[in-house]
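FYI, it's all coordinate maths here, none of it is from the lab. Computed from a predicted structure; not experimentally measured. Backbone-built Cβ (ideal geometry, glycine too); neighbour counts: all protein chains shown.
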Number of protein chains: 4
Amino acid sequence: MKTNPPIRVGIIGATGYTALEAARLLQSHPGAELVAATSRADEGKPLAEIHPSLAGRCSVAIETFDAESIAAKCDVVMCCLPHGASAETVRQLVDTGVRVIDFSADFRLSSLEVYEKWYGVKHPWPERIGNVAYGMPEFFAAEIAKADVVANPGCYPTSAILPLAPLVKAGLVECDDIIIDSKSGVSGAGRSAKVATLYCETNESIAAYGVGTHRHGPEIDDLVHRIAGSEVSTIFTPHLTPMDRGILSTIYVRPKSASADAVMQCWQEAYRDHPFVSPVDHLPATKHVAGTNFVQMSVRVSGDRLVLVCVIDNLAKGASGAAIQNMNVMFGLEQTIGLN
Amino acid sequence: MKTNPPIRVGIIGATGYTALEAARLLQSHPGAELVAATSRADEGKPLAEIHPSLAGRCSVAIETFDAESIAAKCDVVMCCLPHGASAETVRQLVDTGVRVIDFSADFRLSSLEVYEKWYGVKHPWPERIGNVAYGMPEFFAAEIAKADVVANPGCYPTSAILPLAPLVKAGLVECDDIIIDSKSGVSGAGRSAKVATLYCETNESIAAYGVGTHRHGPEIDDLVHRIAGSEVSTIFTPHLTPMDRGILSTIYVRPKSASADAVMQCWQEAYRDHPFVSPVDHLPATKHVAGTNFVQMSVRVSGDRLVLVCVIDNLAKGASGAAIQNMNVMFGLEQTIGLN
Amino acid sequence: MKTNPPIRVGIIGATGYTALEAARLLQSHPGAELVAATSRADEGKPLAEIHPSLAGRCSVAIETFDAESIAAKCDVVMCCLPHGASAETVRQLVDTGVRVIDFSADFRLSSLEVYEKWYGVKHPWPERIGNVAYGMPEFFAAEIAKADVVANPGCYPTSAILPLAPLVKAGLVECDDIIIDSKSGVSGAGRSAKVATLYCETNESIAAYGVGTHRHGPEIDDLVHRIAGSEVSTIFTPHLTPMDRGILSTIYVRPKSASADAVMQCWQEAYRDHPFVSPVDHLPATKHVAGTNFVQMSVRVSGDRLVLVCVIDNLAKGASGAAIQNMNVMFGLEQTIGLN
Amino acid sequence: MKTNPPIRVGIIGATGYTALEAARLLQSHPGAELVAATSRADEGKPLAEIHPSLAGRCSVAIETFDAESIAAKCDVVMCCLPHGASAETVRQLVDTGVRVIDFSADFRLSSLEVYEKWYGVKHPWPERIGNVAYGMPEFFAAEIAKADVVANPGCYPTSAILPLAPLVKAGLVECDDIIIDSKSGVSGAGRSAKVATLYCETNESIAAYGVGTHRHGPEIDDLVHRIAGSEVSTIFTPHLTPMDRGILSTIYVRPKSASADAVMQCWQEAYRDHPFVSPVDHLPATKHVAGTNFVQMSVRVSGDRLVLVCVIDNLAKGASGAAIQNMNVMFGLEQTIGLN
């Protein structure tokens, strides 16, 4: 049922949840095919042994990473490595000429200084900082279409930038008084063995973490600035919520003069031609977008603030769905192929 | 194992979750005993049939409400009826001379006007508005000790008032720029049959509700004012979180000059002699207080704000645990009896 | 992206979980389209208002049921009504000439007597009992292809018949000593407002129900008999498990002489050409098939028994996925279209 | 509020879930006090730092294990180490004269051969095999009262032995045809960092594990034999269920001639004087006993079998609650002290 020839896709760092989600989405994508997967552990094992939900549906085996051999069989590579490690691998891949979608934070920020301060590492490929397409086709489709490297957005930033950027751009809200209170499912914490994300630690419990220190804060500020043209300064607080998937961001903004209606109208104009973003009247729940690349956002008045509520699936629009959407743009397909 | 004679307790409206929690706590309370339970439905049935977790441990049967006969066998009555209905029942009980702990919102606010505006009902006993002890022994123990009616606090207000009131009183934070983003387990929504709280609607999902309109907002403002002596104006947003129990409130305040250390010190002084309230260094999770009457609160700096995080169990300190604590105060027992 | 012209599909009784799942699957089906939806409640409302996860993706509105007008715009109708009510509606639809996939139990059994005994109702269309295709294409594809009515299988039966039928047919196991211990997610209990399926009743809890009395017991026995040619007598116990979706059936059989290897080989032969059924070496979890139409089954030796473990998604292969698979067969499409 | 002097309790291996549960229960026990805790990791840290739910309530710090110094300050030691490691530590403690409740499997079985076969280790103190009190006061209270070592029962065995033993003893059921299908919450898998028990692996999923190989199988057979006097041979299958706590065992027995009524009557007689065990008419859910030391069991007829359903809390009656109950018996207190 695949178009001929399909886009050939490789996944680097294939044992985590974003890799699994990408593999699943590729499974049903009519114009692309997973052809290679690497991981430092588990070499030689079938990918379906690492991810039993692929059993009977996927015959790819884990191989050792080698940039040349991956590039030889792939049209595009999704790199699911941690920050720091990712940039070096991306550089090797790009040197071979293959196109890359990088899931890490290594190329998202426009400032090397901000990157090195917040991530605490020396960047392995500083020349490309600020010179990579940010993978949010709602704002950067032209750059993505011709990019050799796409920086796939952070999950929290996606849930904050999409509702905020049009309002800041239109001058509807104050730029220096924005509070983003975000709640994420546990898959955002990854698949490595840690006591903190054991079932019995996170189940039946909600907790804030990284208050004032989470690295997605500067990403939000940077991107809203790049998209809207105004510097913003936000307070960002993430919370770990007992569910597999989903992010809900509750965003408190101080309107200049805007009403809730003006916000809805601004969003409707901004996203008229963007199939995945839906301003809605109801207060959306993460379940309404679970397992999809869709985004729902709504607005309410509370006292002297406007409260924006935005939901996404952190593994889909917040990671692997966005990667597929970016791939579609990179290869000239309709954005929604394989995602509706 | 009960002291002799124990405090005899009745529960009105015994089929819900707060009633069950009160019954459970009374089960292990060494100085009190559940002796009567009423409900409009289920008359004659054993209470343990309505709440199978009481099977083999509780022989009380549901009876029809009659103020006189309840008063004849009880020293104190916990009234778990909805607002509006509750005030009328409380009046009948008080007329018989029995003391009452009212779980509803009917006597919590100090202003009849605010009550009737937010609750949309005519108050059945307006003379007592502003003339009832608010059931938070951390601030009102003297009034509670001699009260005929105690207004048991709302669950969200408890999680906001306890961290906020000492800081406002000490003049550490601005009073007109307070944002309270609260997350509650589903038991807060009660035990009546509704599609919205079916397992498959709320599981694996988080959602905001009542944005700008939830009735616990004015309760928070009123009580902080009464305790701290300054008017405050807060933005309050509740969220339904996929867990049985627990409330986490993330509170954004603008410090006058206070540091995080000053906040911790202020809390430590305020709660030195209050056994259930613990300022802690770690960021607390709701699980850390689940099933207990304890409160944990912490503080972090984020940009130009202080972020306060407070966790309680909504059914315990947020409802039935507080009721037991109030009962202990009313009858001259140590506050912690039956609750540690 | 739809083929031209797509199969036009109507859904009767569109407010429940199986209807939502069918609507979602049709959304991404390249060869079919949802064109009509009915419900006794909510007439005139957009379907996306009842199911907010369809917001921005589905423009169908709820209409009043009228067999003629539904038939005029549909090629096939999925009837999601409760048993008893369904048969009468199916009859009206079939009379107009439209083809029907019935989600209820009304046409699954081959014996009118067994139906009326277990379901406690007079069957409205007894002539068709035993004369309707059972919607399990793994065994009845030829009948389904030409059927005017397809009886979509029960969720538990699917998880039991698929592992059992080939073994019984091959004579590998005793027919009179089969114990089926099944565990289902809560969505199987439907979307009507009931205390028993509130979040706080079923979360963090597992319970058996309908022990010895659940109506899927006779369906399993009947179908294994029809497929395998031998009468079987099973003990069936369902359990409500705190998860949205999924069924795991643990089946205890007494082998005649069969080893675990013989079981695997028997399954591999039986399902070689059936894309959704995978015998696997690992012990499968319901999560491995969540959100998919796939079935995984495995076998272990325990004492003198063989233990068969089979997992499905109750809403997908256990209901709406099977319905799409049946529709594909009825209209000559590949079984996997829209389901992989 | 503690009696004077309280029983002084030490916990060895204090970082896991059973240790936390024991610490919590001791917190509210009127006649016992936690005075020491050891762990190989985390020496010197406050126990409340490892278990934040103890914050503000417990001042014990983790110390290095030394049998002499622990014995000097404790009347009884709860040993929460893994099997193999535990026996050696228990021996050292007993040599000092302190009494020990061992949570591991090292002294539960009566046969050294069975132990070494199933646990795959050489037993460090084989002389005591078969010569230790099994910590189920419902059957072994006299031995426990005077024991120097009590083998605290396994969680699954507790849920199977309690319903089975009286029926086997009374000759009501066949001994060679017993199937035990058990479902446990995830806390049973412990608190060590493993991918398999991460939230996102076990949430929204149920799976069988250890089919035919789980070590609690022989414990069940051994204890039913010791209690009932007849050899039994059971098929035991455990399942990992997405909830923190609770075990439900569904047990299929072939009655000799017994009716469901005869089973209830047998249980009622067996457990008349045992406050924690309740035969009940309703089908019990694990939630009905969550957080308590109670056991509920019920029976139904299904075909030619009787289906027994038994629920416990795996951390309470299945581990730490039983340990407290045993401690009460060892020190001559009422069994229910601190547990009701």
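Restricting to the protein assembly as shown, compute how many DSSP beta bridges are antiparallel as a %, nearest 5.
Working: 106 of 230 bridges.
Of all bridge pairs located within the protein assembly as shown, approximately 45 percent are antiparallel.
For a Förster distance of 60 Å, can you work out the FRET efficiency between the beta-carbons of D:S230 and A:E43, rounded to the nearest 0.05?
Calculated transfer efficiency: 0.70.
Between the range C:152-193 and the range B:127-171, what's the alpha-carbon centroid distance in Å?
Value for the Cα centre distance between the two parts: 56 Å.
Only loop residues by DSSP count here, and only those with at most 16 other Cβ atoms within 10 Å; note down the trypsin sites (Lys or Arg not before Pro) in the range C:242-332 that meet that.
C:K256, C:R272
Taking chain D as the reference, fit the longest principal axis to its C-alpha atoms, fit the long axis of helix D:321-330 to the helix C-alpha atoms, and give the angle between the two in degrees, 0 to 90, nearest 10.
Helix D:321-330 and the main axis of chain D meet at about 70 degrees.
For D:G130, place a label point 7 Å out from Cα along the Cα→Cβ vector, do the same in each other copy, and report the separations in nm, one decimal, smallest first.
6.2, 8.0, 8.2
In square nanometres and to one decimal, what's the mean projected area of the convex hull around the Cα atoms of the range C:270-323?
Computing the convex hull of the Cα atoms and averaging its projections yields 4.2 nm².
Straight-line reach only, C-alpha to C-alpha below 14 angstrom: list the aspartates and glutamates that B:K194 could link to, leaving out same-chain residues fewer than 8 apart.
Excluding near neighbours in sequence, the set is C:E201.
Which distances, in nm and shortest first, link the A:D261 label point to the same label point in every other copy, taking 7 Å along Cα→Cβ?
Listed shortest first, these distances are 5.3, 7.3, 7.7 nm.
Under a point-charge model restricted to the Cβ atoms of Lys and Arg (+1) and Asp and Glu (-1), what is the dipole moment magnitude of the range B:56-167 relative to its Cα centre, in debye to the nearest 20?
Working: 9 positive and 14 negative charges, 48 e Å.
That gives the range B:56-167 a dipole magnitude of about 220 debye.
What is the helix-to-structure angle for C:85-96, meaning the angle in degrees between its Cα long axis and the longest Cα principal axis of chain C, kept from 0 to 90 and rounded to the nearest 10?
It works out to around 60 degrees.
Mind checking the range C:89-171 for trypsin sites (Lys or Arg not before Pro) that DSSP puts in a loop (not H, G, I, E or B) and that have at most 13 other Cβ atoms within 10 Å?
Hits after loop and neighbour filter: C:K122.
Measuring from centroid to centroid over Cα atoms, what is the spacing of the range A:14-93 and the range C:20-41 in Å?
33 Å
Would you calculate, for chain C, the mean residue ellipticity at 222 nm contributed by helices, counting each DSSP H stretch of 4 or more residues as -39,500 (n - 2.57) and dividing by all residues, to the nearest 500?
-9000 deg cm²/dmol
So what's the net charge close to D:T158: Lys and Arg +1, Asp and Glu -1, counting the other residues with Cβ under 13 Å from its Cβ?
That works out to -1.
Label-point separation (nm) for B:T96 and A:K194, each offset 7 Å from Cα along Cα-to-Cβ?
Each label point is offset 7 Å from its Cα along the Cβ direction, giving 5.6 nm.
Compute the signed sum of charges (Lys and Arg +1, Asp and Glu -1) over the other residues within less than 14 Å, Cβ to Cβ, of C:S257.
Once all neighbours under 14 Å are counted, the net charge is 0.
Sort out for me the Cα centre separation of the range C:258-281 from the range C:298-340, rounded to whole Å.
So the separation of the two Cα centres works out to 13 Å.
For the range A:239-340, state which chymotrypsin sites (Phe, Trp or Tyr not before Pro) are in a DSSP loop and have at most 16 other beta carbons lying within 10 Å of their beta carbon.
Listed in order of number, the matching sites are A:F331.
What net charge do the residues around D:P218 carry, taking every other residue with its C-beta under 13 Å from that of D:P218, with Lys and Arg at +1 and Asp and Glu at -1?
-2
Would you work out the relative contact order for the range C:8-164, in percent, from Cα pairs under 8 angstrom that are 6 or more residues apart?
Relative contact order for the range C:8-164 comes out at 18 percent.
For the range B:90-187, what relative contact order do you get, as a whole percent, if you take Cα pairs closer than 8 Å and at least 6 residues apart?
The normalised contact order for the range B:90-187 reaches 27 percent.
Mean separation of Cα pairs under 8 Å and 6+ residues apart, divided by the residue count of chain B: what relative contact order is that in percent?
Taking the mean separation of contacting Cα pairs over the length of chain B, I get 17 percent.
Of C:S257, C:S69, how do they rank once you tally other Cβ atoms within 10 Å and put the fewest first?
Going from least to most buried by this count: C:S257, C:S69.
What lysines could a cross-link reach from C:K73, if we take a straight Cα to Cα line under 21 Å and drop same-chain neighbours fewer than 8 places away?
C:K2, C:K45, C:K146
Every other copy gets compared here: list the nm distances from the A:P82 label point (7 Å along Cα to Cβ) to its counterparts, shortest first, one decimal.
Copy-to-copy label distances at A:P82, shortest first: 2.4, 5.2, 5.4 nm.
Along the positive direction of the dipole of the range B:66-183 (beta-carbon charges: Lys, Arg +1; Asp, Glu -1; about the Cα centre), which of B:P157, B:F103, B:Y119 reaches farthest?
Of the listed residues, the answer is B:F103.
Round to the nearest 10 and give me the degree value, 0 to 90, for the angle of helix C:260-271's Cα axis relative to the longest principal axis of chain C.
Long axis of C:260-271 versus the principal axis of chain C: about 30 degrees.
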